[in-house]
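Peer 1: Here it is, the structure in full.
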Amino acid sequence: MTIPLLPNYLGGRWHTTSGPGTPLFDPVLGTELVRVGNTGLDLEAGFRFAREQGGAVLRALSYAQRAALLAAIVKVLQAHRDAYYDIATANSGTTAKDSAVDIDGGIFTLGYYAKQGEALGDARALLDGERIRMGKDPLFQTQHILQPTPGLALFINAFNFPSWGLWEKAAPALLSGVPVIVKPATATAWLTQRMVKDVIDANILPPGALSVVCGSSAGLMDQLQPFDVVSFTGSAETARLIRSHPAVASAGVRCNIEADSLNSALLDPSATADGEAFNLLVGEVVREMTVKAGQKCTAIRRVFVPRALFDAAAQAIATKLARTSVGNPRNETVRMGSLVSQEQKASVLEGIEKLRTEAEVLYDGRGAALVDADAAVAACVAPVLLGSREPAKAKLLHEVEVFGPVATLMAYDRIEQAFELIHRGEGSLVCSVYSADPAFIARTALELGSAHGRVHAISPDVAASQTGHGNVMPMSLHGGPGRAGGGEELGGLRALGFYHRRSAVQASSAALDALAAQAVALKY
Ligand code: NAP
């Protein structure tokens with residue numbers, strides 16, 4: 001059987017690459033699925049086309065017209081959902097429930113921005129805040145405005161969210177009037193390529209508004225020009241290369257980085273082993289360790305509990321983890337599928353060994369047989385719970401992100417010590433706090449907020465309605481300071497800021513009135 005070589009879409013047309021391409025595999029069965037590559041692709045011409053053709057047509061549309069494009073994309077993607085689930089099962093090794101986080105999460109985010117954009121109406125620019133008097137004369141004032149950047153948006157994405165990773169960025173970019181070129185991570189590029197193909201085939205977007213380049217990343221950053229933006233999601237190591245590329249370092253290309261992080265969960269010091277906060281923490285930790293086999297940038301990696309509850313928490317989490325059947329996601333009894341590749345499996349196994357130098361093993365599911373999968377072939381790794389009773393003495397536990405179903409339980413004696421240990425993550429995407437006490441939650445939010453993109457509080461009154469520690473919702477900010485990359489995404493209409501340029505217009509009230517008639521006030 002000939003393995004198909006996926007074409008790239010750039011410069012308003014499809015290109016079949018020359019050369020053999022790079023194979024993509026089924027991480028459970030080990031079979032080759034498709035190939036990707038971009039040898040011979042004229043990146044320079046393609047980027048210029050996106051910038052000049054796609055950008056010009058998009059910017060000529062109003063926010064409401066662009067929002068309608070997003071709504072049309074939602075319809076196309078919904079019509080092909082079944083195919084996306086098949087690709088995710090085959091290429092990402094995820095169960096249907098886990099694929100939904102990526103596929104339906106992406107579609108939901110697009111739909112959210114379609115609605116938000118519709119409300120912005122016929123305008124093509126945004127008013128940012130109120131007018132401010134510049135001096136004594138009340139007639140001379142300044143008004144900040146936001147306009148779409150006259151460049152393109154390059155997305156260099158991670159392997160774990162081939163759908164959501166594209167659409168959570170493309171929705172605000174396209175709504176802003178900025179054309180998108182996506183370079184998916186090679187291991188799982190198929191789903192991204194297929195979704196882009198469906199949207200292109202449906203003829204919804206102007207030529208050049210959406211392009212996909214699979215395979216090597218070589219030369220992509222070299223194409224960027226001052227008004228372009230680049231959004232990178234992936235490891236801290238690659239992030240360093242992106243940041244130091246001359247396009248970013250010298251030419252002023254705006255750059256957003258979402259990198260790895262050591263997210264925490266914190267149990268209230270006054271919790272008890274028979275209390276609801278304790279049970280909520282246990283349930284959430286198990287969910288975070290097992291959803292997408294722990295391959296979520298937001299997953300809980302460090303779990304802080306009062307010392308007196310360390311053993312009870314270890315036992316409760318282990319009992320639940322032991323019920324997690326691992327194996328072939330096509331088998332309906334399987335709760336957790338595989339990692340995306342043999343490389344990731346090797347990296348997770350190596351990471352566990354690293355952490356073990358500072359931690360004890362509280363639960364190791366790796367002894368159990370896989371369901372419908374050959375352990376020698378499948379990239380499956382069962383959950384592992386590690387533990388540290390002296391986390392203040394540990395170093396690696398606060399530094400090494402093992403991107404799989406692995407977390408470390410840590411004991412703390414005083415809440416100030418827990419805060420200090422959480423801060424050792426040096427900036428994370430999210431911290432969740434489990435407590436029935438609103439005052440404790442408020443204090444924790446203020447103690448930890450500046451080191452996290454998001455503080456997620458789970459109290460008994462929101463047990464049923466809370467959206468999950470690791471779930472990124474479009475109305476809330478995603479990103480984190482410091483080690484997490486320092487990026488910001490989503491957060492409702494805040495996301496539009498990255499794709500707009502802000503300027504101050506200093507003029508008479510009459511001129512600002514005329515300006516205001518052509519723009520819409522941005523309200524968060
Ligand atoms: P990665 O190896 O850094 O790769 C990320 C992307 O960068 C891929 O598309 C990759 O292409 C590309 N790339 C590699 N070298 C490059 C270079 N020199 N120049 C330009 N692009 C280059 O990361 P990953 O292994 O895919 O992703 C896992 C990591 O991402 C985890 O650490 C996780 O925490 C993090 N992550 C963070 C978030 C977040 O929102 N904060 C979300 C998801 C994942 P190839 O695949 O072709 O090499």
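The values are calculated or read from the model by the stated rules, or taken from the named source; none is laboratory data. Keep in mind that what you see is a predicted model, and the values were worked out from it rather than measured. Every residue, glycine as well, gets a Cβ built from its backbone with ideal geometry; the counts of neighbours run over all protein chains shown.
Peer 1: Quick test for you: out of Glu426, Glu343, pick the one residue that is at positive phi, out of contact with any Leu (no Cβ under 7 Å at 6 or more places or on another chain) and at pLDDT 95 or above.
Peer 2: Only one candidate passes the filter, namely Glu426.
Peer 1: Let me ask something else. Taking Pro23 and the conditions (1) farther than 29 Å from Gln295 by Cβ; (2) assigned to a strand (DSSP E or B); (3) not hydrophobic (A, V, I, L, M, F, W, C), which numbered condition does it fall short on, given that it satisfies the others?
Peer 2: Here Pro23 clears every test but (1).
Peer 1: Let me ask something additional. Residue under question is Arg124, and the condition is that it be part of a loop (DSSP other than H, G, I, E, B), touching a residue at least 24 places away in the same chain (Cβ under 8 Å), surrounded by fewer than 23 Cβ atoms within 10 Å (Cβ to Cβ) and out of contact with any Asp or Glu (no Cβ under 6 Å at 6 or more places or on another chain); does it hold?
Peer 2: yes
Peer 1: To continue, here is another question. Go through region 169-204 and count every residue that is aliphatic (A, V, I, L, M), more than 16 Å from the ligand (Cβ to nearest atom), surrounded by 21 or more Cβ atoms within 10 Å (Cβ to Cβ) and under 18 Å from Gly12 (Cα atoms).
Peer 2: Total meeting the criteria: 3.
Peer 1: Just checking, how many residues over region 403-431 are within 27 Å of the chain's Cα centre (by Cα) and within 17 Å of Ser270 (Cβ to Cβ)?
Peer 2: Of the residues in region 403-431, 2 are within 27 Å of the chain's Cα centre (by Cα) and within 17 Å of Ser270 (Cβ to Cβ).
Peer 1: Go through region 456-494 and give me each residue that's of a type in the set (A, V, I, L, M, F, W, C) and within 16 Å of the ligand (Cβ to nearest atom).
Peer 2: Once the filter is applied, which keeps residues that are of a type in the set (A, V, I, L, M, F, W, C) and within 16 Å of the ligand (Cβ to nearest atom), region 456-494 yields Val472, Met473, Leu477, Ala484, Leu490.
Peer 1: May I pose another question? Only residues that are buried (at least 22 other Cβ atoms within 10 Å of the Cβ), under 24 Å from Ala273 (Cα atoms) and of a type outside the set (Gly, Ala, Ser): list them for region 431-457, please.
Peer 2: Correct list: Cys431, Val433, Tyr434, Thr444, His456.
Peer 1: What do you reckon, is Arg494 buried (at least 16 other Cβ atoms within 10 Å of the Cβ), among the basic types (Lys, Arg) and at negative phi?
Peer 2: yes
Peer 1: Can I ask one more? Considering only region 2-20, how many residues are assigned to a loop (DSSP other than H, G, I, E, B), closer than 20 Å to Ile200 by Cβ and either over 27 Å from the mean Cα position of the chain (by Cα) or not hydrophobic (A, V, I, L, M, F, W, C) (or both)?
Peer 2: 6
Peer 1: State whether one or more residues within region 408-422 are closer than 30 Å to Glu32 by Cβ and buried (at least 23 other Cβ atoms within 10 Å of the Cβ).
Peer 2: There is no residue in region 408-422 that is closer than 30 Å to Glu32 by Cβ and buried (at least 23 other Cβ atoms within 10 Å of the Cβ).
Peer 1: Within the set of pairs 6 or more residues apart or between chains, which connect a residue that is within 16 Å of Asp128 (Cβ to Cβ) and in contact (Cβ under 8 Å) with a residue 60 or more places away in the chain inside region 501-524 to a residue that is basic (Lys, Arg) and surrounded by 15 or more Cβ atoms within 10 Å (Cβ to Cβ) with Cβ atoms less than 8 Å apart?
Peer 2: That search, which allows pairs on different chains as well, returns Leu512/Arg131; Gln518/Arg124; Ala519/Arg124.
Peer 1: Just give me the residues in region 385-402 being over 23 Å from the mean Cα position of the chain (by Cα) and under 22 Å from Gly234 (Cβ atoms), in sequence order.
Peer 2: Within region 385-402, Leu396 is the sole residue that qualifies.
Peer 1: Still on this structure, please answer the following. Filter region 224-247 for residues that are crowded, with 20+ Cβ neighbours inside 10 Å and either over 22 Å from the mean Cα position of the chain (by Cα) or outside any strand (DSSP E or B) (or both); which is farthest from the ligand (Cβ to nearest atom)?
Peer 2: Here the residue is Asp228.
Peer 1: Just one of (1) buried (at least 17 other Cβ atoms within 10 Å of the Cβ); (2) on the phi > 0 side of the Ramachandran plot trips up Gly482, so point out which.
Peer 2: (1)
Peer 1: Please go through region 465-485 and give me each residue that is under 22 Å from Val180 (Cβ atoms) and not in a strand (DSSP E or B), ordered by number.
Peer 2: Val472, Met473, Pro474, Met475, Gly479, Gly485
Peer 1: Follow-up question, since we're still on this one. Starting from region 316-342, take each residue that is polar (S, T, N, Q) and list its partners that are in a helix (DSSP H, G or I), counting only C-beta distances under 7 angstrom and pairs at least six apart or across chains.
Peer 2: Thr324/Thr290; Thr324/Gly365; Ser338/Ala293; Ser341/Ala187
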